[in-house]
Amino acid sequence: MTAAARPGRGRLRAAAAAVLAAATALSLTSCSDDQAGEDLGENTGHPAYVVSSPLETTNAASLTGASTNAELISGRVYPAVYTPGPNGQMIPNTDLASTQLLPGAKRKVLYDIAPDASFSDGHTVTCDDFYLAVAAGKLDRLFGAQLPWTDQVESVQCRPGAKRFQLSLVEGAGTRWRQLFGPGEILPAHAIAQRAGVAEQDLVPLLDAAQAAAGATGAEGAEGAAATEISDAAVPDALREVARVWRDGFRLSEFDEGLQLGYGPYRVDSVGEHGEVLLVRNEHYHGAPAEEPTLVVWPPSVDTHALAAQADVVAADITRTDGSFIDRDNPGNRYEIHPEVGYLTETLLLGEGGVFATPEDRDAFNACVDQKDVAAESSRVSGVEVPAVAMHVLNPTDPDAAHVAEVSDVHLGTDQALAGRLKGKTVRIGYMGPDPRKAAMVESIRRSCEPAGITVEDVSETTGQLGDLIGVAPAGEDRVDAVLKAVDPVAEYSALAPGQRGWRALQAAEAGEWRRVRAIPLASQPRVFATDREMGNVNVYTGLAGIGWNMDRWRIG
């Protein structure tokens, strides 16, 4: 992606009163030398960016990556084919690939990978890397993947090592084809194959055979998406090892420099003892080089008092437990605060087993959830006034939202008689914590479900991982019935109903989601960013990649 001009400041602004409330809620105070605390190490010598989600993996397509919003770290290491921008635009990333949509009842997308696109080890980017992402999504239980857009992909034509390939989409699908291959989803297939002991030229045939065995273009599931299942007995050992490396090899706690090979303007150089990730300029990137040669991304667990005393904190997502390194009352305060009603929708993602074994059971639980009260609690704790949301497939600011609301908003509010179907049941909700705001949201759900005889437990101390959802993924150590997390409504629901166009397709897709009730939208996500006033090319963005969506364009000092 080439250098971006500074667009507008986002979609919605909180009122001045909300800004003041945010200041109170976040308890922002001054930082002085005596607050330096523990020595945070040599990585404090580089510009610092503090994020609000754990830094666990650079694989945003894995269940772990989806649970922890890995796009925050991997968005400029493994950039998307189309980069989502602050004003909802999809910016073509021709440094990676050019695309062409071929019309027809079954749409096809032709991809031409940039001739010079290569990983940081010098290995060229090929269709193998893209095809591996599709295969992981199709064989999601084996890989532990969260790639819902692969439901609309019928087949891939990829010759191993080629720079051109083609996707054929399910008939009627493809309205949101620009969402395919998002940030952090295209990984170095050659390095994964090597770690798995598979010859590079054998990877694509191995994936072909696995998908054929799973019936990748055979039986169709709900809403026309191709169904893919493969029995354990049918999984070759080589493929099982490829899946394991894909799933676990990009974990930052077990940093493997042979796998962490970026093709974007930055690459991951190392991981510090406090979980901070050192990004360095990728010398093999053929696009515009990153403005800053180094940038350190710090996790929310860092002591921000100590960090601000020891490092140059240039940006921070302070929708977090502690944002107290800023003194807004100080006339010399160097930071600008950006409170935003975010683009993402905070959602309860539901398991499909146990207490939620049927759509009727899941709908009964929705009947005891008061989205308006949940939104009010989120607003109270964050200081940013956010609306209740019942839409899956759109952000409420979208021009087509009014049409979709005709379908979605009938599911707002509570119906204790309907909820009574789950009387006597216990629902366990997890999320990535500690997070006082999400705790207040779950407490709201507990209160509104109690009259129906439903017990809601906050189990965030145990898990917030999607992989622990009952009936959705391979069994984790701690099973939960629902996970509370923010989702991108366009990326999460990219495969719209076949045969429909325009807002009627959106209505049909929304109705389908409410028939299956795999998720319960709750409210828009509140976001509060702090940025150095002297830093240039900062564009506030509240999507998955956060304010760091264009961190390679930041001009510091």
Self-check item: Conditions (1) open to solvent by 30 Å² or more (accessible area, probe 1.4 Å); (2) more than 30 Å from G420 (Cα to Cα); (3) free of Cβ contacts under 8 Å to residues at least 60 places away in the same chain; number of the one not met by E336
Solution: (3)
Practice problem: Please verify whether the stretch 383-397 includes one or more residues that are in a helix (DSSP H, G or I), open to solvent by less than 60 Å² (accessible area, probe 1.4 Å) and either under 16 Å from A486 (Cβ atoms) or β-branched (V, I, T) (or both). | Solution: no
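For every residue, the table says whether it meets (1) within 24 Å of the chain's Cα centre (by Cα); (2) buried (at least 17 other Cβ atoms within 10 Å of the Cβ).
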| site | (1), (2) |
| --- | --- |
| N87 | yes, no |
| M90 | yes, no |
| N93 | yes, yes |
| Y111 | yes, yes |
| G122 | no, no |
Practice problem: For the stretch 228-239, state whether one or more residues are under 14 Å from L139 (Cβ atoms), free of Cβ contacts under 8 Å to residues at least 40 places away in the same chain and in a loop (DSSP other than H, G, I, E, B). | Solution: yes
Quiz item: How about the stretch 240-258: which of its residues are out of contact with any helix residue (DSSP H, G or I) (no Cβ under 9 Å at 6 or more places or on another chain), open to solvent by 70 Å² or more (accessible area, probe 1.4 Å) and without any contact (Cβ under 8 Å) to a residue 40 or more places away in the chain?
Solution: E257
Quiz item: Given (1) modelled with pLDDT under 90; (2) open to solvent by less than 20 Å² (accessible area, probe 1.4 Å), where does G351 come up short, assuming only one miss?
Solution: (1)
Quiz prompt | Residue count for the stretch 409-453, restricted to those that are in a loop (DSSP other than H, G, I, E, B) and either open to solvent by less than 70 Å² (accessible area, probe 1.4 Å) or under 24 Å from H392 (Cα atoms) (or both) | solution = 10
Exercise. Looking for whichever is assigned to a loop (DSSP other than H, G, I, E, B), among the basic types (K, R) and within 26 Å of V271 (Cα to Cα) here; the options are R76, R159. Which one fits?
Key: R76
Quiz item: Exactly one of (1) among the β-branched types (V, I, T); (2) closer than 22 Å to T68 by Cβ; (3) modelled with pLDDT of 90 or more is unmet by T294. Its number?
Solution: (2)
Practice problem: Could you tell me whether R320 is modelled with pLDDT of 85 or more and of a type in the set (D, E, K, R)? | Solution: no
Quiz item: Restricting the search to the stretch 292-333, which residues are free of Cβ contacts under 8 Å to residues at least 40 places away in the same chain and either crowded, with 23+ Cβ neighbours inside 10 Å or among the aliphatic types (A, V, I, L, M) (or both)?
Solution: none
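The values are calculated or read from the model by the stated rules, or taken from the named source; none is laboratory data. Note that the structure is predicted; figures quoted are calculated from it, not measured. Because the Cβ atoms are built from the backbone with ideal geometry, glycine has one as well, and the counts that use them run over all protein chains shown. Side chains are part of the model used for accessible areas, which takes the heavy atoms of the whole protein and leaves out ligands, DNA and RNA. Shrake-Rupley method; radii C 1.70, N 1.55, O 1.52, S 1.80 Å.
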